[in-house]
Amino acid sequence: MTQPIDLRSDTVTRPTAAMRAAIAAAEVGDDVFGDDPTVNALQERVAAMLGFEAALFVTSGTQGNLSALMAHCQRGEEFVVGQSAHIYRYEAGGSAVLGSLAPCPIQNRPDGTIALEDIEAAIKPDDPHFAATRLLCLENTLGGKVLPLPYLEAATALARRHGLATHLDGARLFNAAVKSGVAPREITKHFDSVSVCFSKGLGAPAGSMLCGRRDFIARAHRVRKMLGGALRQAGVLAAAANHALDHHVERLAEDHANAARLAEGLRDLPGVRVEPPQTNMVFVELSRERAHGVVERLRGRGLLCTGLYQLRLVTHLDVSRDDIERAITILRETL
Ligand SMILES: *Cc1c(COP(=O)(O)O)cnc(C)c1O
């Protein structure tokens, strides 16, 4: 049997031969001593690229986000975040468990934004009854959707007017930038901090970067140590991330085109609803009858995806246009 087509996530990519060569050639040192030249160079590169004073290489997006939350907020303080945000929903409640922080989750609208009036209403007055609201967290892309630049400007300006800091979970920042046709810093310039993942669409095996002001990064550095994220010869990972920035950013447009083709190929199927995707994620809504056991049946035909009544299909570096055509055939026959 041929290799299954794996559309479960853009995290399933394997390092390319060229990336493995970059890893093999990496100069390394002990990063806990600040001695790893490849890590240091990557931190400087990403800080400059995204318009920040400093950056910190972390093991994962989750660690980058939690380090940011704990560097922005003190124990007992609160952050405002979308109900659908990864930070709130998919990070095992780490902000509460490990940071003693109170999330204030508010509804995301279908386009991924949070209404400005909802943000404003969530910010507490200075009163001992309330946890002090310190931070607004946004995510871009969220569920594959790109938050509009004017929205980012307005939401972060609102936060600043109320004395809140702002953090962007930019796990898929580069998808948003490529889709919008802007430099990534046009998105990040509105925020006090940002975390980006190298292990999603960029195709590196591990690693994320947290960026911010120098004093913020110094605090996050201590948190990273506390969270067990201080690595030694981490240059082998930084080399992969560096290679990804050189070779895997512009090509995200291919993933977006593949996602669009996939959605288009399913559009006219009865009992199925597919929105045209903005980036690399296609969501297929199924009626209850159609949904029954469908993920298992697709797996049996060599197509991997996730979901229940809504299938999630994610395009990435290891999925070709031919794979997409084959996936459309399998989906049409199965659904
Ligand atoms: C994947 C993801 C993260 C967390 O990244 P890990 O490296 O899996 O910890 C954070 N935010 C978003 C939006 C993500 O998609």
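The values are calculated or read from the model by the stated rules, or taken from the named source; none is laboratory data. What you see is a predicted model; the values in this text were computed from it and never measured. Cβ sites come from the backbone with ideal geometry, for glycine too, and all protein chains shown count toward neighbours. The area values use the complete protein model at the heavy-atom level, side chains included, leaving out ligands, DNA and RNA. Shrake-Rupley method; radii C 1.70, N 1.55, O 1.52, S 1.80 Å.
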Next on the checklist: Can you go through 60, 9, 67 and tell me which one is closer than 24 Å to residue 185 by Cα, within 16 Å of the chain's Cα centre (by Cα) and surrounded by fewer than 22 Cβ atoms within 10 Å (Cβ to Cβ)?
Outcome noted: 60
Checklist entry - If you go through region 192-209 one residue at a time, do you hit one that is among the polar types (S, T, N, Q) and over 26 Å from residue 22 (Cα atoms)? => result yes
Next on the checklist: Going through 46, 97 one at a time, which residue ends up being on the phi < 0 side of the Ramachandran plot, over 19 Å from the mean Cα position of the chain (by Cα) and within 16 Å of the ligand (Cβ to nearest atom)?
Outcome noted: 97
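Results for (1) away from the ligand (no atom under 14 Å from the Cβ); (2) among the small types (Gly, Ala, Ser); (3) touching a helix residue (DSSP H, G or I) at 6+ places or on another chain (Cβ under 7 Å), shown as yes or no for each residue.
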residue	(1), (2), (3)
172	no, no, no
176	no, yes, yes
181	yes, yes, no
186	yes, no, yes
191	yes, no, yes
197	no, no, yes
201	no, yes, yes
208	no, yes, yes
211	yes, no, yes
Checklist entry - Looking at (1) over 17 Å from the mean Cα position of the chain (by Cα); (2) surrounded by fewer than 20 Cβ atoms within 10 Å (Cβ to Cβ); (3) not aliphatic (A, V, I, L, M), which is the only condition residue 235 fails? => result (2)
Checklist entry - Just for region 159-170: of the residues that are closer than 23 Å to residue 53 by Cα and either among the small types (Gly, Ala, Ser) or in contact (Cβ under 8 Å) with a residue 40 or more places away in the chain (or both), which one is nearest to the ligand (Cβ to nearest atom)? => result 169
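Residues are listed down the side, and each one gets a yes or a no for (1) more than 22 Å from residue 112 (Cα to Cα); (2) in a helix (DSSP H, G or I):
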residue: 245; (1), (2): yes, yes
residue: 249; (1), (2): yes, no
residue: 257; (1), (2): no, yes
residue: 260; (1), (2): no, yes
residue: 279; (1), (2): no, no
residue: 284; (1), (2): no, no
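Quick check on region 76-94: of everything there that is among the aliphatic types (A, V, I, L, M) and within 15 Å of the ligand (Cβ to nearest atom), which residue is most open to solvent (accessible area, probe 1.4 Å)?
Here the residue is 92.
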